[in-house]
1. Out of everything in the range 163-204 that is under 14 Å from the mean Cα position of the chain (by Cα) and free of Cβ contacts under 8 Å to residues at least 40 places away in the same chain, what residue ends up being surrounded by the most Cβ atoms within 10 Å (Cβ to Cβ)?
2. On the given criteria, is A167 at pLDDT 95 or above, over 16 Å from A86 (Cα atoms), small (G, A, S) and in contact with an Asp or Glu (Cβ under 9 Å, 6 or more places away or on another chain)?
3. Across the range 114-128, what is the total count of residues that are touching a helix residue (DSSP H, G or I) at 6+ places or on another chain (Cβ under 8 Å) and more than 17 Å from F55 (Cβ to Cβ)?
4. Name every residue in the range 51-88 that is farther than 28 Å from Q124 by Cβ and assigned to a helix (DSSP H, G or I), in order of residue number.
5. Under 8 Å between Cβ atoms, at least 6 apart or on separate chains: pull out the pairs that start in the range 131-147 with a residue that is under 24 Å from F116 (Cα atoms) and end on any residue that is among the polar types (S, T, N, Q) and crowded, with 18+ Cβ neighbours inside 10 Å.
6. Go through the range 76-93 and count every residue that is among the aliphatic types (A, V, I, L, M) and open to solvent by 40 Å² or more (accessible area, probe 1.4 Å).
7. Quick one: what pairs do we get from the range 78-100, first residue of a type outside the set (A, V, I, L, M, F, W, C), second open to solvent by 80 Å² or more (accessible area, probe 1.4 Å) and not in a helix (DSSP H, G or I), C-beta under 7 Å, 6+ apart or different chains?
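The values are calculated or read from the model by the stated rules, or taken from the named source; none is laboratory data. Here the structure is a predicted model, which is why all the values come from computation and not from measurement. Neighbour counts are summed over all protein chains in view; Cβ atoms, including those assigned to glycine, are modelled from backbone coordinates with ideal geometry. In case anyone asks, the SASA skips ligands and DNA or RNA and just uses the protein heavy atoms, side chains included. Shrake-Rupley method; radii C 1.70, N 1.55, O 1.52, S 1.80 Å.
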Amino acid sequence: MQKPVGYLTIGSMDTRERILDSAQRLTQTRGFHGFSFQDIADEIGIRKASLYHHFDSKDDVAVAMLQRAADWTSAQFKKAEGREPAERLEAYFDLFRQIHGKGERMCPGGSFAAGFGAISSSVQASLHRFAKMHLDWLEDVVRDGVEQGQFTIGDQRPRDVAAQIAASVQGALLVGRLSSDRHVLTAVAEGIRRSLGYAPKGTH
């Protein structure tokens, strides 16, 4: 099994965390409906029945996985606190580069999009919270960037620009996954910079 990266824990031997590591990797590469409890059990080397000592259902795994992803993302956001808006946005792009890898992984939240109507209300609620966290943070970054003269958004609302950024980045992961091209995210990030009218430090 490949070494966990991105949202995933590193080197954890705890069974519950290993279950979440496996479920998240499978979600990011196959989609939530592309694997079963048996696939998780086979991957981490335990009996399928043992999974039920930790989670009542696959939906419970999804909720726990999304909460862990949200906690990790929140920690990354906190690391960027105090930086200039443009630097915070660059940190957002870097976050998704970690998630995307070589173009083989989707965002854990974005991985649910295609089958959103087929998942339980508890998982949908977790996804709504996850998306709102991203949009709230991006809205603050955009608003600060405008107020500090780093970004230009015309007569658009900061919330709308935040939604455009989130949609563009998620779309980049999707196209990058379909084409096995991690540079799609780089191209999308450059397009966002141009639309906001800024360049990263050290560039012209």
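1. Step by step, filter the range 163-204, then rank; the result is A166.
2. On the way: at pLDDT 95 or above: yes; over 16 Å from A86 (Cα atoms): yes; small (G, A, S): yes; in contact with an Asp or Glu (Cβ under 9 Å, 6 or more places away or on another chain): no.
No: the conditions fail for A167.
3. Going through the range 114-128, the residues touching a helix residue (DSSP H, G or I) at 6+ places or on another chain (Cβ under 8 Å) turn out to be 115-116, 118-120, 122-124, 126-127.
With more than 17 Å from F55 (Cβ to Cβ) added as a condition, the list becomes 115-116, 118, 124, 127.
So the count comes out to 5.
4. K79, P85, A86, E87, R88 - these are the residues of the range 51-88 that are farther than 28 Å from Q124 by Cβ and assigned to a helix (DSSP H, G or I).
5. Close Cβ pairs satisfying both conditions: M133/T73; H134/T73.
6. Residues flagged as among the aliphatic types (A, V, I, L, M) and open to solvent by 40 Å² or more (accessible area, probe 1.4 Å) within the range 76-93 amount to 0.
7. Within 7 Å, the pairs are P85/Q148; H100/R182.
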